[in-house]
Structure formats: structure tokens, C-alpha cells
Amino acid sequence: MKFPNLFKPLKIKNTVFTNRIIATPAGAYNDKAIGGAGVIIAGSANVSRKRASYSHPDDPYIFDKYEREKTKERVIVAKQAGAKASLELIHAGQYARVDDYALGPISFTRNDGTKVKAMDEQDMMEVANDWAETAKNAKEFGFDLVMLHFGHGWLPAEFLSPLFNKREDHYGGSLENRMRFPKMIIDRVREAVGPDFIIDMRISASECVEGSIQFEDVLQFIKEIEDKIDMVHISAGLDIDHEGNVHAVPTIFKEHMPNVDWAAEVKRNVKIPVTVVGAIMSPVEAESIIAEGKADFVALGRPLIADPFWPQKAKEGRDEDIVPCLRCQYCYHISTDRKNVGCSVNPRYRRQHLVPLELDTAKKKKKVVVIGGGPAGMKSAIVAAERGHQVVLIEKSSELGGALIYAKYEELKVDLYNYMKYLITQVNKSTVSVQLNTEATPELIKKLHPDAIIIAVGANPFTPPIKGVNQPHVLQALEVYGQMEKLGQEVVIVGGGSTGCELGIELARNGRRVTILEGSGQYAANGNLLYRIGLRQTMEKEKCLHWELNAFCQEIKTDGVVYIQNGEEKFITAQSIILSTGMRVNSKLVESFYGIVPDTFVIGDAYKVRNVMDATREGYFIAKNL
């Protein structure tokens, strides 16, 4: 077996876990349940009927009479392929959505006007009993274990962390005091479920914001309650606090496996099994964590949204067929304020009614010509071939990848680069006929006699009409990759979108002094909320990187750039100027392929410049419906 440690069984009490992979509650769990994970955390349960939900004041309690059938369904779905079923128990505390007031360590008024009441001992006893009742119900309904959510800034964490807990009684101040209420919860839960039922607990090793709990205190708390729980799940960051959220759900600006060292330190200090979560992207990484004794389980969230069959493919040694997660944050509703939730690489996520688990074979086999070998083109070619069509993929350059090719030059784009490699691998393993170094023309396409044409030619860099833009020291952003050593020491990037900002970080880390000039009042306006927060936090750490907003480039001179900011003309010196001013569709090229066959489709950036999620979705759907 390629990953023996990852698939080595582990017995806890009377339960045998067949492998070391835990599927977190992120996203739907139907596909994950048959995808090979050893444990499926089948969503969350608010422990209290009121003032516990982070989403709606009137969220139903999942064990009340008219919710019980749906709750039992969770167990059945989670266990259908042999996984163990877990349930996350949660209380949102001061962040709860309420009609009257929320509960927390201290009294205050939230920014939305909601009153938060400092819990007294009666409140604490009632809420602790709620945790116990909910855990006991979970046991009786057939869940194999529960996971107590004591991390990410929810109620127990609010008492543990001095960031939230400013109490002056014996529930605040010292760590001993701050632990009292969380320990009360655990005591009540253990008493309710008995000695043989498995209790897991998730906790943030660090909340990753100033003034929050220190790891040493977290470790001490775990040691204090180790005899009452059976597993501990190491995470990081906060939820509602967006500055900490990007550490709970790591963006591309965090390294892979950021929580492993904390988990390893916990494991050195306790006897119970330790789980670690957070940007564990591949079976190779997961195997190394288990093999090196840094944790006993790995928990996967977004990787199982990108590919729910990640565990099964790993078990079969087919890790090259695992669809890599991009850590783009679009699967997370906070990122887009619920306006565009989806997965950049898995069209089935949240659209199971439109995207089947297995593609059907086309009733009428067609010859399909795909023009362009970027992500949209490759995805459409793979899907069309899988449905039995004869597919020809034409790419004018010497390699597949399109704009993703440049990902290999930037550390921040490693996940994007891995996705490109995955797509190329799947194309090469398919029946798609690839023609590289081939310029598609209407005449060439006509000679191929296609039944359908998919145009995925991407877009071209835009050169704005700035005085001096045609000088030799002025480069397009995409031209910089592969020849960064030729740049001068001082660099100005015109355009502060995501490409310009990420390139600025890369150049600053390579010793250049970089200034980004952005004409609008917002950097990376094309990025989602959590991406932009992670980006800003990263940019602020780079001492050689500066950015100016509302800065309009007026002229490029041989020794620098003239720009206007707040009505004032300014000058900045630079030896190299980089244009990161967006892409434009080549409408003339696209339209030249119309009229050859009726079934002609335009997808990805060839239709409208957007992102990988749009390219993947359009490539999939057009090919699926041919």
C-alpha cells in the first residue's frame, strides 16, 4: 500500500477506526460518506434550543420530535460505506443569532445592536446541561462519537480566551478560573454519555489575533481534561472575527499544514489520540504527519469538497487522480456573502441536482474540437471524452495550461499549479487528441469536420494608453515570470488586482523594493473577502512592499513613474515597470470561429474574464450537455 500509515486501523475504547482520515463538517457529507474517510462528521448540532445558533434565531433543535427523522438520516448517510459517524456540538455564545439577547462571558452590546448578557452560574449550569443532553441524544441516535467544538471563538473558547473573557470573578482572570465553565461542560457530557462513548474535542491551538489565548494555556487545558475526553482535534484561528478566520480556514497565503507543529507538541504531552486539521492537501502530506508521529488522525475539510473521493483514491494509490483544492475560499459563504458559493474545481459541490456522480455516455457520439488548452478547455475536453465523444484539443503554445502555466513561478500559487498538473494528467490519460504548437484558424477547424466547437482561447493582457508605455523596461505581468532576475532593484507595478499584489509579494520576497499603484480605492477588488484579508495580512509583513490606492499612472519615464493621487502629481523612481492592468477578451478571434457548425460554444476567459471556478463550471456543463 502506498500510504500504509494513513490506512492503519486504530482502536479507541470499543471502536475501531479503519483509517486515519476524518471528514470535517464542511460542506455536504453525502459524497464524502462513500468517498472512503474513516470518520464522517455529519454536520453540526446547536446544543441549546435558544441562543446557540450562529445562523438563525429559530434554528430547530435536531433531536426534537419533528427533526428526528432528518437527524437519523444523518447517521444512516454517514455510515453507508462503513465510516464512523460523528456529530459536532456547538454553541455560538456571544455570536449567536438571537431575537432577544446572546450569552457570553461578559455583558456588552454587539455592533449589530444585540445585547450580550454575562452568564451567571445558573446560565452556566443550564447550558452545560444542554451540552450533556445533546451528547446523550447523539449517542442514542447511533452516532459513534461527538466532537465538542471548543475552538474558533465559540462559547467555551470565549471563556478560555482572555480576548473575550474579561470577567473579574472566579470565572475570569487566571487560566484556572477561565477553565471552570469549559470543564463543567465536559464533566456534564461525560456523566451523560457514560465511560465507553467517545468524546472528541476541537480547539484552537492559537486564535492568531493579538490579545488571544496563548498555546501554553491551551496545552494546559487539554492536559487538565485529558482524562475526561478520548480524542483532541487541533485547529487554529477564529470564525466570526475575520482577521482570525483566515487562519481557521487557511488561504493561499498560509503554508501547507500550518497546525502540525502545535499538534505534535500536544501529542508529546498527552496520551489520547490527536487529530490535526488545516491545509493538509495531499496523501503524501497526510502520510508524513502520521508516519512521523505528529498526529494520529488528519481532518480534511476543503480537500474533500474539492474531491470527496480523496481517501478512496489515496487507498488505491491513485493520488495523481485526486482533484486538488485551490484554497480559494469560494466554498465558504463568508467569502462571498453567499452570492457565489461553489467549488472552483468540483462543479458538483452544492449542485448535485445538476451534476451526477457518474457521467452518462452520449447517445450520439460527436467529433468535438476544443480550441485552447487552459483550465476551461482542458475540463471540457476531459468531460467530453469521458462521455464517449471524439475530442481534438488544439493549443497554440508548446504546453497545456493556459494562464495557469505561470503558477509554477510563484510560491503562493502552488495549489493552482497542482491543479494544472492534475488537469494535464487527466487529459493525457484520456482519449483526447492533443495538438500542441498549433494555431487554430477557421480553415484548420473546417478541415477537421467537427460536429461541435468549444472556444476556450482565454484572454490577452491589456496595455493601457499611458505615455511611455512602450519602453523596453516596461513589461506585462505575465512576461515577468521566468525572467525575474532581469528586473531592476526598484519595481513599480501598475495595477493592484490579485495578480499585481501576488506578484508584488513574490518580488519583495526576492529582494526587490516594490510599489504597487492602484487607481481605485481597493486593492484586489476581484478577490473575495477572506482572500483579501489574507492578502493584506501578508502584504503588511513585507517590509520591501508598499502600495498606493487612488493612484493613477500618468506617464512612464526612463527612471520611474509619474502618478496622480488625490489631485497631487507625484513621482517614484524605478528601473522596471510592470503592467498588471487586467485582461481583455479577443472578440475578433472568438467570432472568427462562428458559422462553421451550429454547435459552437464560448467558455472561460474567452467569454468573460473571471476565475477558475467559472472556467471549470462552464467547461463541465457544456461538455456534459453535448
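Taken together, the values in this text are just the output of simple stated rules run on the coordinates, not laboratory data. A quick note: this is a predicted structure, and the numbers were derived from the prediction, not measured. With ideal geometry, Cβ positions are generated from the backbone for all residues, glycine too; neighbour counts draw on all protein chains shown.
Positive end of the dipole of segment 114-154 (Cβ unit charges, origin at the Cα centre): among W154, M124, N137, the Cα lying farthest that way belongs to W154.
The aspartates and glutamates within cross-link reach of K365, meaning a Cα-to-Cα straight distance under 17 Å and a gap of 8 or more places when in the same chain, are E386, D451, D599.
With both labels modelled 7 Å from their Cα along Cα-to-Cβ, the N30 to K486 distance reads 5.3 nm. If you take all other residues with their beta carbon under 13 Å from the beta carbon of N30, and give Lys and Arg +1 and Asp and Glu -1, the sum is +4.
Once the Cβ-Cβ distance between D58 and D319 is put in as r, and R0 is 41 Å, what FRET efficiency do you end up with, to the nearest 0.05? Walk me through the numbers on the way to the answer.
On the way: r = 44 Å, r/R0 = 1.08.
It comes out at approximately 0.40.
Using the alpha carbons of segment 281-438, what is the convex hull volume per residue in cubic angstrom, as a whole number?
Here the figure is 143 Å³ per residue.
Here the chain is treated with +1 on each Lys and Arg Cβ and -1 on each Asp and Glu Cβ, and its dipole about the Cα centre works out to around 1920 debye. When the Cα positions of P57, T581, Y523 are compared along the charge dipole of the chain, T581 comes out farthest toward the positive end, with charges on each C-beta of Lys, Arg, Asp and Glu. At q = 0.15 Å⁻¹, what is the base-10 log of I(q)/I(0) for segment 185-307 according to the Debye formula with one equal point scatterer per Cα and no solvent? Please give it to two decimals. Rounded to two decimals, the profile gives -0.71.
Taking each DSSP H run with n ≥ 4 as -39500 (n - 2.57) and averaging over every residue of the chain yields -9000 deg cm²/dmol at 222 nm.
Among R20, R302, rank each residue by its count of other Cβ atoms within 10 Å, from fewest to most, as a rough exposure measure.
Numbers: R20 27, R302 24.
Neighbour counts put them in this order, fewest first: R302, R20.
In the chain, the DSSP beta bridges split such that about 20 percent are antiparallel, to the nearest 5. Per residue, the Cα convex hull of segment 358-438 amounts to 79 Å³.
Beyond 14 Å, how much of the Cα-Cα pair distribution for segment 1-44 remains, as a whole percent? List each step's numbers first, then the result.
On the way: 490 of 946 pairs.
In whole percent, the long-distance tail amounts to 52.
Counting only the backbone N, which residues of segment 137-175 are under 20 Å from the spot 7 Å out from the Cα of R49 toward its beta-carbon? Under 20 Å, as judged by backbone N against the label point of R49, lie 137-141 of segment 137-175.
Across the cross-link table entries K447/K608; K228/K315; K32/K379; K84/K117, which are compared at the Cα atoms, the separations over 30 Å belong to K228/K315; K84/K117.
Principal-axis analysis of the Cα atoms of the chain puts helix 68-79 at an angle of about 60° to the longest axis. If you sort the three axes of the alpha carbon gyration tensor as a ≥ b ≥ c, you get a/c of 1.5 or more for segment 578-617 and a/b no higher than b/c, which makes it oblate.
Projected label points at T109 and F215, each 7 Å from Cα along the beta carbon direction, are separated by 4.0 nanometres. Taking only the alpha carbons of segment 68-139, we obtain Rg and Dmax values of 16.4, 47 Å in that order. The ranking of C328, C553 from fewest to most other beta carbons within 10 Å of each one's beta carbon is C553, C328. Shape annotation for segment 474-581: C-alpha extents along the principal axes are 38, 36, 23 Å, from largest to smallest.
Here segment 405-510 yields Rg over Rh of 1.06, to two decimals, using C-alpha coordinates and the Kirkwood radius.
Seen from a random direction on average, the alpha-carbon convex hull of segment 522-626 projects onto 10.4 square nanometres. Around R318, under 15 Å between beta carbons, what's the net of Lys plus Arg minus Asp minus Glu among the other residues? With Lys, Arg at +1 and Asp, Glu at -1, the net is -1. For segment 474-581, DSSP calls about 45 percent of its internal beta bridges antiparallel.
Apply 1/(1 + (r/R0)^6) to the Cβ-Cβ distance of T573 and D337, taking R0 = 30 Å, and write down the FRET efficiency to the nearest 0.05. Write out the running numbers ahead of the final one.
Numbers: r = 40 Å, r/R0 = 1.35.
My answer for the efficiency is 0.15.
Among D58, D112, D307, D123, rank each residue by its count of other Cβ atoms within 10 Å, from fewest to most, as a rough exposure measure.
Details: D58 9, D112 6, D307 23, D123 15.
Final ranking by Cβ density, sparse to dense: D112, D58, D123, D307.
Note on segment 10-322: Cα Rg divided by 2.2 N^0.38 Å, N the number of residues, gives 0.94. Counting only Cα atoms, the size of the chain along its three principal axes is 77, 65, 47 Å, in decreasing order.
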